[in-house]
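This report refers to the structure that appears directly beneath it.
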Amino acid sequence: MRQTISWHSGCLDEIELVYERAEREEHLGAELEALECQALEEARRSCGLLRTAEGPLTPEQFDAMPASAREQVLCRLGRAGVAGMDLDLPAAAVHVKLSPLFGQVMACSIFVLLNSLEKLDGGFSERISGQATLTLHVPLGARRGLMRWEMLLMGLYPWIKCREEASDQAAVSAPPAGPAQASPAVTPEEKAAATPQKPEKRGFLARLFGKK
């Protein structure tokens with residue numbers, strides 16, 4: 001498979017094992033590639049949900065970031081889409097509560113779920129008899145497109161079967177697309193011109209990710 005995201009940032013610590021699984025079957029690798037593309041599009045479109053001292057993060061700032069910083073944006077948005085996970089070993093069940101933002105950051109959130117399932121594999125999965133039920137508690141209005149990624153989850157982890165339940169929350173409407181979101185990909189030269197000088201760049205990333 002052609003891996004677009006390198007994950008060198010380490011924000012998802014088990015994700016390389018997920019890719020190893022996907023490479024065993026061509027259709028799973030193709031679906032993981034598609035998930036990458038959708039997650040990057042979501043991160044660029046929804047990066048304004050994250051704020052800096054200067055205001056919301058813009059698509060232009062996202063484009064000018066190093067790859068590892070874009071990964072961290074993707075992870076933060078994905079974690080914002082997952083409100084919680086509970087394990088019920090006696091019932092062989094995993095409950096995942098999805099937040100009202102899930103519809104905007106679905107693919108980013110699926111990467112967070114994949115990382116969590118990889119952590120459960122070999123521990124939780126070996127302590128149950130048969131399959132575990134992965135129940136996704138989905139906000140109203142956020143189910144569109146989810147079944148495709150449920151099939152990916154079950155393909156990578158045959159010990160789970162997915163089911164959906166409507167949560168008591170409604171999905172947040174996606175922000176309208178603007179000219180910045182429709183702008184073409186920048187060239188390396190444009191990225192270099194848009195990237196602040198080193199002291200300012202470190203300060204910007206520190207404010208965004210809480211790094212010193």
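Structural remarks
- For the set His137, His27, His8, the ranking by accessible area, highest first and with no ligand, DNA or RNA atoms included, is His8, His27, His137 under a 1.4 Å probe.
- Shape analysis of the stretch 54-118 places it in the prolate category; the axes a ≥ b ≥ c from the Cα gyration tensor give an a/c of at least 1.5, with a/b above b/c.
- For Ala83, the residues whose modelled amide H falls within less than 5 Å of its own, excluding neighbours fewer than 5 places apart on the same chain, are Lys97, Leu98, Ser99.
- Gyration tensor (alpha-carbon) shape descriptor, the stretch 1-103, a/c threshold 1.5: oblate
- The figure for Arg76 is an accessible area of roughly 100 square angstrom, using a 1.4 Å probe on the protein chains alone.
- Calculated FRET efficiency for the pair Arg127/Glu41, C-beta based, R₀ 35 Å, to 0.05: 0.40
- If R0 equals 22 Å, the separation of the Cβ atoms of Thr4 and Glu60 corresponds to a calculated FRET efficiency of about 0.65.
- Counting only protein heavy atoms and a probe of 1.4 Å, the accessible surface of the stretch 123-178 is 52% carbon and sulfur.
- Relative to the current alpha-carbon distance between Lys161 and Ala93, full extension at 0.36 nm per residue lengthens the span by 23.5 nm.
- Across the stretch 41-47, computed HN-Hα scalar couplings (Karplus, 6.51 cos²θ - 1.76 cosθ + 1.60, θ = phi - 60°) run 5, 4, 4, 5, 6, 10, 4 Hz from first to last residue, x flagging Gly and Pro.
- For the stretch 1-153: accessible area per residue (Å², 1.4 Å): 45
- GluC sites (Glu not before Pro) lying in DSSP loop within the stretch 1-34, provided at most 16 other Cβ fall within 10 Å: Glu14, Glu23, Glu25
- Extension gain for Lys119 to Glu14 (0.36 nm times residue separation, less C-alpha to C-alpha distance): 37.1 nm.
The values are calculated or read from the model by the stated rules, or taken from the named source; none is laboratory data. Quick caveat, the model's predicted, so the values are computed rather than measured. Every residue, glycine among them, receives a Cβ derived from its backbone with ideal geometry; neighbour counts consider all protein chains shown. Surface areas here come from the heavy atoms of the whole protein model, side chains and all, with no ligands, DNA or RNA. Shrake-Rupley method; radii C 1.70, N 1.55, O 1.52, S 1.80 Å.
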